[in-house]
Amino acid sequence: MTGSSPLDELLVEAVVSTRAHIGHVYLLDEDGEVLKMDSHLGLPPMIAKAWARVRTNDSAPITASVREQRLVWVPDREGLAREFPSSALSVPYDFAAAAFPLICGGIVWGGIVLLWPAGQVNRLAQHQLDLIEDVAARMAKVLKQAAEQGTPIKPGPRPRMLDPMHKSDPRADLVALDCLNRLPEGYGSLDANGRVTLLTAPAADLLLSSMSELLGKRLGEALPWVNDPAYEDAFRSAMVSRQVTHFTATNPAGGQLSFRLFPGLSGITVRITPALGARGPGHLVAGAERSSPNIAMHEILHLATKLSRAVTAQEVVDLVADHVMPVYNVQALAILTSRGGRLRVDASRGYSRQAILDFDGRPVIPPDPADHSFDAGKPAFYSTWDELRQACPGAVRSDDMSAWAFLPLVISGHPIGTCVLAYKRPHQFYPNERATLTALAGLIAQAYERARLYDVKHQLAQTLQKSLLPRNLPEIPGLELAAHYLPATPGMDIGGDFYDLIRLSDSMAAAVIGDVQGHDVTAAALMGQARTAIHAYATSGASPGEVLARTNRLLCELAPDRFTSCLYVNIDLRKRIACLASAGHLPPLFGRPGWRTEAIDPCSGLLLGVEPDTEYVTTELPMPPGSVLALYTDGLIEEPGRSIGAAIDDLAERFTPSSGQPLHDLAESLIKQATAEQRTDDIAVLLCRT
């Protein structure tokens, strides 16, 4: 069903009986992943469209209610900003809200949301809770019965706007209009969509229009000089917050007009009067009787986009500072955490170096025990130094700041730190600014937690990578060695490249290099297993081909879905011979002073882990004194759009060993170009010189 629904009367009943001013119903889709708004009452259509579809894993009162199958109560916009920051930024108006799931037969069918003017309902009374539960139960029963009868109730392509007002005697409208026409001010009525439903003659005169020209049209569409975001913001604020709002505008004749919007359940009554003390022609300003949502929404949304890419705490602070400090006239900003009962300044902007040194490492300041209202999980705003000192007698004043906002950074109910905003002069924090800063703290918390986890993961990757690679290469008389490893430029994934040098005897050594498929913990674990297996088989006296064959059989059992390339080289320093075996790895480079470097292409077998019965052929290579063998992984040579053969030839041209040249310098010359570019893969290089 996509037309009128049996749920409509129940929604109207819920709104009227609980004295709410807005209500809307969500239905859960068949997959249980998306909530779709079926109908709404008193909600501006543009906001309804923006919230027509929400995923159940989104952060919003209705999604939390459906996920957790409980009532979710939000007392005001500051509470919404604290619990659901992204929702508070999307709907920057003040209201109280309750979300309740529709459950019947053990199945969640959707949810209902009701809104009240903020400040009028601090908490729901028991009779209101009973009414909401009763209506929700009846709604769920209707949905269940419709599904069982094979005619499930499904939302249409867009939410339906309900009209709670029943049609009455049309003469009553005429009587009301005649009554209002006697007043000198202009009056009009707008429905929830902003369309003109009634207009008095004095109002039409002030608007330089007529009832027939405006009736049924949206005010901003019919009068281009009113079509401005300031008017739209005043209209939506009045509808959602149930606050009296106002704006001023200039009509084409230059007359300054004041519009006051008085919201009700079915729409808005507009009073139009000549403006007193208005500014020059063309001026249009919106506001509210109690508080206006005077926030730079585009700045906040732009900041949210930027924060999604921040990967360090300082980046988070820099982005917040760039976007918030100019808008709210903030002079200093810092992110604080605590470890071992002491405060740490993780990142800052605007504070002097001395202030940071004085503050970092101080004991956490306990609140005044007499201040029973203190809650470490809630934002705290101090307009003056005296207010802060009274709340926290042990507080430290840095850089002569005079006002502070302490915004807890909370993730899943657990505080992870505090964002401090500081002002040079005393600062009055109005309710709307508090709510916006509280919502901002939610965005900062999410970005900071991502940055923290990014840093932890980065450190874990580096530690694991170092533990899997040899710390020091063994010293073998007659053999000079150099090794380099470079992680990919992003630095987050664990590389699959590895190298090793195994001492077999006083005159024999085995050089190994390989590349495990993938860049994750599984690849790292397989890399460690491959290194261990090769080391064990090598020291047992097996030939290069046998070492790879045995390792291959083991990896086929351990990780049949992961493949590994590997090059194994036995170097006999007495016979001056190298014996090579390759499992799909890149050919090593062989160079001698005064000779042209060549790529040695041993008969390569399949990658390790593909076919358990694969055999690997051993190739012999003479290694006279001074000769250098270079083993490397594909990260050193791979370039988009370039063939592997051409890349190897280019590397061979750059590989020019000379007598007396330190081997480490030669290794660095090979990877010099790679260090100057973005690397999507890690690099391992192992050089051996007899």
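Counting only protein heavy atoms and using a 1.4 Å probe, what share of the accessible area of the chain belongs to carbon plus sulfur, as a whole percent?
Working: 16730 of 32460 Å².
For the chain, the apolar C and S fraction of the accessible surface comes to 52 percent.
Show that you can apply the helix-only estimate: for the chain, add -39,500 (n - 2.57) for every DSSP H stretch of four or more residues, divide by all residues, and state [θ] at 222 nm to the nearest 500.
Values: 20 runs with 237 residues, N = 690.
Using -39500 (n - 2.57) per qualifying helix, the result is -10500 deg cm²/dmol.
Once you mark the GluC sites (Glu not before Pro) that are in a DSSP loop and have at most 10 other Cβ atoms within 10 Å, what is the longest gap between them in the chain?
34-474
Once the Cα gyration tensor of region 3-71 is found, what semi-axes does its equivalent ellipsoid get, as square roots of 5 times the eigenvalues, in whole Å, sorted largest first?
20, 14, 13
Give me the net charge for the shell around I513: Cβ to Cβ below 13 angstrom, other residues only, Lys and Arg +1, Asp and Glu -1. Can you show the working numbers first?
Numbers: positive: R531; negative: D497, D500, D515, D634, D682.
Net local charge, I513 excluded: -4.
What relative contact order, as a whole-number percentage, does region 499-610 give when Cα pairs under 8 Å and 6 or more residues apart are counted?
RCO, region 499-610: 27 percent.
I'd like the FRET efficiency for W595 and E557, computed as 1/(1 + (r/R0)^6) with the beta carbon distance as r and R0 of 56 Å, rounded to 0.05.
0.80
Could you list log10 I(q)/I(0) for region 548-621 at q = 0.22 Å⁻¹, which the Debye formula gives when each Cα is one point scatterer?
Log-scaled intensity ratios, in q order: -0.92.
Find the relative contact order for the chain and round it to a whole percent, using C-alpha pairs within less than 8 Å whose residues are 6+ positions apart.
With pairs under 8 Å counted, the relative contact order is 9 percent.
How far is the Cα center of region 17-82 from the Cα center of region 607-641, in Å?
Computed from Cα coordinates, the inter-centre distance equals 61 Å.
For the chain, what is the largest minus smallest coordinate of the Cα atoms on each principal axis, given in angstrom and ordered from greatest to least?
Answer, in whole Å and largest first: 117, 70, 56 Å.
For region 433-458, list residues with backbone N below 17 Å from a point placed 7 Å from the Cα of K378 toward its Cβ?
Output list for this probe position: 433-439, 441-442.
Between their Cα atoms, which of K49/K306; K49/K141; K575/K672; K36/K141 are more than 22 Å away from each other?
K49/K306; K49/K141; K575/K672
Net charge within 13 Å of R592 by Cβ-Cβ distance, Lys/Arg positive one each and Asp/Glu negative one each, not counting R592 itself?
Values: positive: R576, R596, R689; negative: E598.
Net of charged neighbours comes to +2.
Per residue, how much accessible surface does the chain expose to a 1.4 Å probe? Answer in Å², no decimals.
That works out to 47 Å² for each residue.
What does the charge count near Y231 come to, summing +1 for each Lys or Arg and -1 for each Asp or Glu among other residues with Cβ under 12 Å from its Cβ?
Numbers: positive: R218, R236; negative: E221, D228, E232, D233.
Around Y231, the charge tally is -2.
Quick check: the distance between the Cα centres of region 317-344 and region 86-124, to the nearest angstrom?
Rounded to whole Å, the Cα centres lie 32 Å apart.
Using the charge dipole of the chain (Lys, Arg: +1 at Cβ; Asp, Glu: -1 at Cβ; taken about the Cα centre), state which of T614, A334, M401 has its Cα farthest towards the positive end.
After comparing all options, I get M401.
Sequence gap at least 6, Cα distance under 8 Å: using those rules, report the relative contact order of region 1-75 to the nearest whole percent.
On the way: 80 pairs, mean separation 14.3, N = 75.
Reported as a whole number, the value is 19 percent.
The values are calculated or read from the model by the stated rules, or taken from the named source; none is laboratory data. The shown structure was predicted, so the numbers you read here are calculated from the model rather than taken from an experiment. Ideal geometry is used to build each Cβ from the backbone, glycine not excepted, and the neighbour counts take in all protein chains shown. Calculation scope for accessible area: heavy atoms of the full protein, side chains included, ligands and nucleic acids excluded. Shrake-Rupley method; radii C 1.70, N 1.55, O 1.52, S 1.80 Å.
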